[in-house]
Amino acid sequence: MPLTSYFEEIKVWTEETLHRLVPHAHTHPARLHEAMRYSLFAGGKRLRPMLAAAACDAVGGNRDTVAPFAAALEMIHTYTLIHDDLPALDDDELRRGRPTCHVRFDEATAILAGDGLLTMAAQFLTKADLYPGVDPAVLLRVATETLFAIGSQGTIGGQVVDIEMENKAPDLAALEYIHTHKTGTLIVASVRGGALLAGSDDDRLEALTEYARAIGLAFQIVDDILDETGDAAALGKTPGVDKALGKLTYPAAIGMDESKKLAARLADRAIGSLAPFGATGSRLADIARYIVARSF
Ligand code: GRG
């Protein structure tokens, strides 16, 4: 199956689960649920669910087992986007091709919609009856790892250093910290969670973790590049925001050509770590190639 069809299949799979788990827009309090669904169903590549599904497939698991986990990942990801777009952070007006949550609703509703999605994700990460056949100890491990990944030593930590480094001189150690934490930790948790729920052994889990670390960094480097070279229609968000905010980015630190080369080397490294999987790792390899070649 070509990657484009796989993308489509994963989108449908993810959105079916989200529709099942997330309260309808008219559920009281309706404005909150409407805002949560507005941002959740605004499109998006569904990359994190895709990684969880592909990791599950690579270790021979049943994809139904990871569906609620994949939906929780997208709730978490959407919450970070809503909060990142707020006036106190990036102050963006366009996301996933439509007005940001605080523009479409209001700031308080956007903050609370993000909070609602984050707490709902924690609920569905730990609701054992959604994961029939999964050892509760494994589910608890996945939930703990995922929540750690997005906390003060993960996503939030990366975001804080990202803000602290605005308008500062390029510092490669800080830059790598920002990118591996702000973006990378959730990507690693997506791959590891998909593999663990599918019953992965330690060796395969270790190989997949190496893969995920490399694509996580590559993904954010490409995001930096697209912020300079992409256009709003393709990106679904306003380009040039990083530069306007004086953000520390790879193109600013090492130049555009070196950034592209580094992203390509990371994709090669990711594909190399899939060697133990043989043909069953080919979908993950396709995703690594896509991540560096993408235009949105
Ligand atoms: C909790 C406020 C807060 C921030 C945490 C993750 C994050 C830090 C902020 C989100 C905004 C951002 C630019 C994150 C970097 C990761 C990234 C490239 C997000 C965009 O992800 P895509 O391209 O988006 O997968 P779609 O819309 O396709 O799902």
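The values are calculated or read from the model by the stated rules, or taken from the named source; none is laboratory data. None of these values were measured; they are calculated from a predicted model. When we count neighbours, we look across all protein chains shown, and the Cβ atoms used for this are built from the backbone with ideal geometry, even at glycine. To get the accessible areas, we keep the full protein, side chains included, count just its heavy atoms, and leave off ligands, DNA and RNA. Shrake-Rupley method; radii C 1.70, N 1.55, O 1.52, S 1.80 Å.
FRET efficiency for GLU8 and LEU262, Cβ-Cβ distance as r, R0 = 22 Å, nearest 0.05?
Using R0 = 22 Å, I get an efficiency of 0.15.
Quick check for you: with a 1.4 Å probe and neighbouring chains kept, what is the accessible area per residue of the chain, in Å²?
42 Å²
For GLN153 and SER282, compute 0.36 nm times the residue count separating them, minus their Cα-Cα distance, and round to one decimal in nm.
Going from the current span to full extension adds 43.3 nm.
With every protein chain left in place, what is the accessible area of MET1 in Å² (1.4 Å probe, nearest 10)?
130 Å²
Report, in deg cm²/dmol and to the nearest 500, the calculated mean residue ellipticity at 222 nm for the chain, where each DSSP H run with n ≥ 4 adds -39500 (n - 2.57) and the sum is divided by the residue count.
Theoretical 222 nm ellipticity from helices: -21000 deg cm²/dmol.
Kindly write out, for segment 117-132 in residue order, the coupling ³J(HN,Hα) from the Karplus curve 6.51 cos²θ - 1.76 cosθ + 1.60 (θ = phi - 60°), rounded to whole Hz, with x marking Gly and Pro.
5, 5, 5, 5, 4, 4, 4, 7, 6, 10, 7, 4, 6, 7, 10, x
Out of LEU217, PRO276, GLY230, whose Cα points farthest toward the positive end of the dipole of the chain (charges: +1 Lys, Arg; -1 Asp, Glu; placed on Cβ)?
In the chain, that residue is PRO276.
Dipole of segment 3-293, Cα-centred, from +1 at each Lys and Arg C-beta and -1 at each Asp and Glu C-beta, to the nearest 20 debye?
Computed about the Cα centre, the dipole is about 480 debye.
Report the label-to-label distance for GLU176 and MET1 in nanometres (one decimal), using points 7 Å from each Cα along the Cα→Cβ vector.
So the two model labels end up 3.7 nm from each other.
Taking all protein chains as present, what is the carbon and sulfur share of the accessible area of segment 126-187, in % to the nearest whole number, probe 1.4 Å?
That share works out to 63 percent.
Grab the chain and count how many Lys pairs have their alpha-carbon atoms under 22 Å apart, sequence gap of 8 or more, or different chains.
Summing the qualifying lysine pairs gives 19.
Evaluate 2.2 N^0.38 Å with N set to the residue count of segment 5-54, then give the Cα radius of gyration divided by it.
1.25
Consider just the alpha-carbon atoms of segment 87-188 and return their Rg together with their Dmax, both in angstrom.
Rg then Dmax for segment 87-188, in Å: 16.7, 51.
For the chain, just list the percent of Cα-Cα distances falling in each 5 Å bin from zero outward, please.
Bins of 5 Å from zero give 1, 6, 12, 17, 19, 18, 14, 9, 4, 1, 0 percent of pairs.
Name the residue, out of ARG213, ARG20, ARG37, whose mean-square fluctuation peaks in a Gaussian network model built on the chain with Cα pairs under 10 Å.
ARG20
Each label point is 7 Å from the Cα along the Cα-to-Cβ direction; what then is the distance between the points at VAL241 and GLU93, in nm?
1.3 nm
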